[in-house]
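Student: The following block contains the structure, expressed as structure tokens.
The values are calculated or read from the model by the stated rules, or taken from the named source; none is laboratory data. All figures in this text were calculated on a predicted structure; none of them were measured in a lab. Backbone-built Cβ (ideal geometry, glycine too); neighbour counts: all protein chains shown.
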Amino acid sequence: MDFSIQNNKVLLDGIETQIRSGAIHYFRTLPEQWEDRLLKLKQCGYNTVETYAAWHLHELKEGDFDFSGRLDIVQFIRTAAKLGLMAIVRPGPYICSECDLGGLPGWLLGKPGIRLRCENAVFMKYTERFFSNILPLLAPLQCTNGGNIIAMQVENEYASFASDHEYMRHLVRIFRKNGINVQLFTSDNEKRLLRAGTLPELPATFNFRNHPERNFRDFDAIDTGYANAHFAMELWNGKAWFWGVPPQHHDEQDVAADMREIMKDNASVNNFMFHGGTNFGFTSGASCNAGHYLPLVTSYEVDGVLDEGGNCGKKYFAIQKVIEEFHPGTTTVPAARTGAALPPVELKEFVSLRDSLDKLSRAEQRPFPETMEHFGQSFGFIHYETELQPYHSGEYCFHDLRDRAITFLNGKVIGITSREDEKQTIQLDVTEENSRLEILVENMGRVNYGLEMEKEKKGITGFSWTGNMFISNWNIHPLPLDDLSKLEFGKLPGSCDEPGFYRGKFDADQITDTYLLFPAGGRGCVYVNGFNLGRYWNIGPQRTLYIPSPLLKKENNEIVVFELHALTSYTLSFAAERKFDPMTPMPL
């Protein structure tokens, strides 16, 4: 099988064809769920699946590559092939996708002299190493080698960031060096800057929402040096959702109208997202809008065609109807998924974060605070500790705080400071000799898009008294919180107002998807059988955490809640479906 874009046409074995693709990210679902999601894609009338590759997860720790389990992209592509689906892979290195740092490893920011997404020697060194590990795994799966990968994307929406064409050509050389010989392409969403993001030797594709006919007409008017075909690499079905912001909904009839225009034009399309899945753990990113920091919710629902649990909604059937109209016999009825509300679970054990620091990580001594990236850490929290003397009373200033700090003096919470605060200061009344100062800083998600990315080191770089004297001699615990197995739980206290871990056990009479209603606390994350489901925050709009059925077992399931403030109830409750605050319909 041969795929190419030539003479304004999408060709399969030399015959003009239409690619009907939907985006499903293997790293946002569990392997046991891949076939269900991919089958629903095919049953909706699609012939192709598209996925990004998640560098930030494949190389979570520098030099330690992981392509197993949820990160087994090869098995994901093979599962698609088994169902008769073609595949488009977009390996980056930058992918955006609302991931932390746009899918680049956070630890990259700790490398001296690095500049992201350009012909920078440091950045290219690590990019080439990543590609030399992932591309040879994908090369045998190319259609040119009898597989189902028909095309790969170079970078992602580069015109929105820079115009370093030598960097883009360098990436192409790395692709070819590692055995990639399928059609390469670029995609962008900036019409007026399109030529900055592509190369004359590569076909460009376009990303947009609404009115394909008009967008393709504008696209045709741009001379990139290549005869570009009508291919919407991202036809946006919805929009990402943020903490504290009402979720936005793209009406299914508007999406169906877009698909009808695509079908009439015999254009090619990739619906973004067909199935969003979940930002498990701490992997969700953030946006920076006019200087305002907006962290994304844990669910990557993004108003997709399938919801977070893989259920078909109105949007699915509206699109399916349009595809069946133009391609009769390509659609079938999908199986319904089920979910259930498990019985309530009581949290009966507790251990404080303060008493667990040395169980969770090794202390690092530094004269001044250092960021997570200094220690090669990408996700989670970082804990700073030092001593203050009575002469230190007064106003203190955080330096380069990202993103949220809880300050303790002698074990008592003094205040919460955010990167969004106009003044990143706190007042400390130090009355005792050798008073213990602690600062717990959370990475709430690195900015995933635009010019702010290089500034996204997490933690603090200093803490100064009255703005003119740095406090020194710090004990620092990096806290990625990726392994809680060494925690030593004790009895649940009568009351608790400090960060800590609460544990409960439960049996599951039926193994089914379920949704955990947010714990009755302020903010934190939840682990089921050691797997980090993701963040919760009582400001909404998200109100449940998705628990996929493969995480559960019949007996002796463990659930651990890491709460940053205090729980007002030690009972956890479940729901049969996901819950968000009321939708706010708006045309997108």
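Student: Just one of (1) part of a loop (DSSP other than H, G, I, E, B); (2) surrounded by fewer than 19 Cβ atoms within 10 Å (Cβ to Cβ); (3) in contact (Cβ under 8 Å) with a residue 24 or more places away in the chain trips up SER378, so point out which.
Tutor: Exception for SER378: condition (2).
Student: Read through the list (1) among the charged types (D, E, K, R); (2) in contact with a helix residue (DSSP H, G or I) (Cβ under 7 Å, 6 or more places away or on another chain); (3) over 23 Å from LEU533 (Cβ atoms), then give the number of the only condition that ASP66 fails.
Tutor: (3)
Student: Residues in the stretch 328-339 that are in contact with a strand residue (DSSP E or B) (Cβ under 6 Å, 6 or more places away or on another chain) and part of a loop (DSSP other than H, G, I, E, B): how many?
Tutor: The total comes to 1.
Student: Suppose we keep only residues that are of a type in the set (A, V, I, L, M, F, W, C) and surrounded by fewer than 21 Cβ atoms within 10 Å (Cβ to Cβ) within the stretch 360-375. Which one would you say is farthest from the chain's Cα centre (by Cα)?
Tutor: So, considering only residues that are of a type in the set (A, V, I, L, M, F, W, C) and surrounded by fewer than 21 Cβ atoms within 10 Å (Cβ to Cβ), the one farthest from the chain's Cα centre (by Cα) is PHE368.
Student: If you don't mind, another one. Pairs needed: first member in the stretch 123-142, among the charged types (D, E, K, R); second member anywhere, assigned to a helix (DSSP H, G or I) and surrounded by fewer than 20 Cβ atoms within 10 Å (Cβ to Cβ); C-beta distance under 8 Å; at least 6 residues apart or different chains.
Tutor: Every condition considered, the pairs that remain are GLU128/ILE174.
Student: For ALA81, work out the one condition from (1) assigned to a helix (DSSP H, G or I); (2) among the aliphatic types (A, V, I, L, M); (3) within 20 Å of the chain's Cα centre (by Cα) it doesn't fulfil.
Tutor: (3)
Student: Mind listing whichever residues of the stretch 561-581 are of a type in the set (Ser, Thr, Tyr) and either surrounded by 15 or more Cβ atoms within 10 Å (Cβ to Cβ) or farther than 17 Å from LEU492 by Cβ (or both)?
Tutor: Once the filter is applied, which keeps residues that are of a type in the set (Ser, Thr, Tyr) and either surrounded by 15 or more Cβ atoms within 10 Å (Cβ to Cβ) or farther than 17 Å from LEU492 by Cβ (or both), the stretch 561-581 yields TYR570, SER573.
Student: Mind listing just one residue for me: the one in the stretch 499-522 that is more than 21 Å from THR298 (Cβ to Cβ) and either touching a His at 6+ places or on another chain (Cβ under 9 Å) or among the aliphatic types (A, V, I, L, M) (or both) and, of those, surrounded by the fewest Cβ atoms within 10 Å (Cβ to Cβ)?
Tutor: So the residue we want is ILE511.
Student: Take the conditions farther than 28 Å from LYS505 by Cα and not in a loop (DSSP other than H, G, I, E, B) and apply them to PHE350. Does it pass?
Tutor: no
Student: Any residue that is in contact (Cβ under 8 Å) with a residue 60 or more places away in the chain and over 25 Å from GLU325 (Cα atoms) - is there at least one of those in the stretch 33-50?
Tutor: Looking for residues that are in contact (Cβ under 8 Å) with a residue 60 or more places away in the chain and over 25 Å from GLU325 (Cα atoms), one finds at least one in the stretch 33-50, hence yes.
Student: Still on this structure, please answer the following. Search the stretch 93-110 for residues that are in the same structural domain as ARG169 (by TED's automatic domain parsing) and pair each with any residue that is polar (S, T, N, Q) and part of a helix (DSSP H, G or I) when their beta-carbon atoms are under 8 Å apart and the residues are at least 6 apart or on different chains.
Tutor: PRO93/THR127
Student: Would you mind telling me which numbered condition in (1) closer than 22 Å to VAL302 by Cα; (2) in contact with a helix residue (DSSP H, G or I) (Cβ under 7 Å, 6 or more places away or on another chain); (3) at pLDDT 95 or above THR544 fails?
Tutor: (2)
Student: One residue is enough: does the stretch 414-435 have a residue meeting the conditions within 30 Å of TYR158 (Cβ to Cβ), surrounded by fewer than 19 Cβ atoms within 10 Å (Cβ to Cβ) and within 23 Å of the chain's Cα centre (by Cα)?
Tutor: Yes - at least one qualifying residue is present in the stretch 414-435.
Student: Can you pull out the strands (runs of 3 or more DSSP E) entirely within the stretch 217-327 that have at least 1 residues that are in contact with a Ser or Thr (Cβ under 8 Å, 6 or more places away or on another chain) and either surrounded by fewer than 22 Cβ atoms within 10 Å (Cβ to Cβ) or in contact (Cβ under 8 Å) with a residue 12 or more places away in the chain (or both)?
Tutor: Fully inside the stretch 217-327 and qualifying: 231-236, 268-275, 292-295.
Student: Also, I was wondering about something else. Would you please name the residue that is surrounded by the fewest Cβ atoms within 10 Å (Cβ to Cβ), looking only at residues in the stretch 1-31 that are charged (D, E, K, R) and assigned to a strand (DSSP E or B)?
Tutor: Looking at residues that are charged (D, E, K, R) and assigned to a strand (DSSP E or B), I get GLU16.
Student: If we scan the stretch 526-545, do we find a residue that is charged (D, E, K, R), within 22 Å of ILE406 (Cα to Cα) and in contact with a His (Cβ under 7 Å, 6 or more places away or on another chain)?
Tutor: Checking the stretch 526-545: not a single residue is charged (D, E, K, R), within 22 Å of ILE406 (Cα to Cα) and in contact with a His (Cβ under 7 Å, 6 or more places away or on another chain).
Student: Right, next: Taking into account only those residues within the stretch 334-359 that are surrounded by fewer than 14 Cβ atoms within 10 Å (Cβ to Cβ) and at pLDDT below 95, which is farthest from HIS565 (Cα to Cα)?
Tutor: Applying the filter and picking the extreme gives ALA335.
Student: Grab the strands (runs of 3 or more DSSP E) fully contained in the stretch 420-513, keeping just those with 1 or more residues being hydrophobic (A, V, I, L, M, F, W, C), out of contact with any Ser or Thr (no Cβ under 8 Å at 6 or more places or on another chain) and touching a residue at least 12 places away in the same chain (Cβ under 8 Å).
Tutor: The qualifying strands (runs of 3 or more DSSP E) are 435-442, 462-465, 474-479, 500-506.
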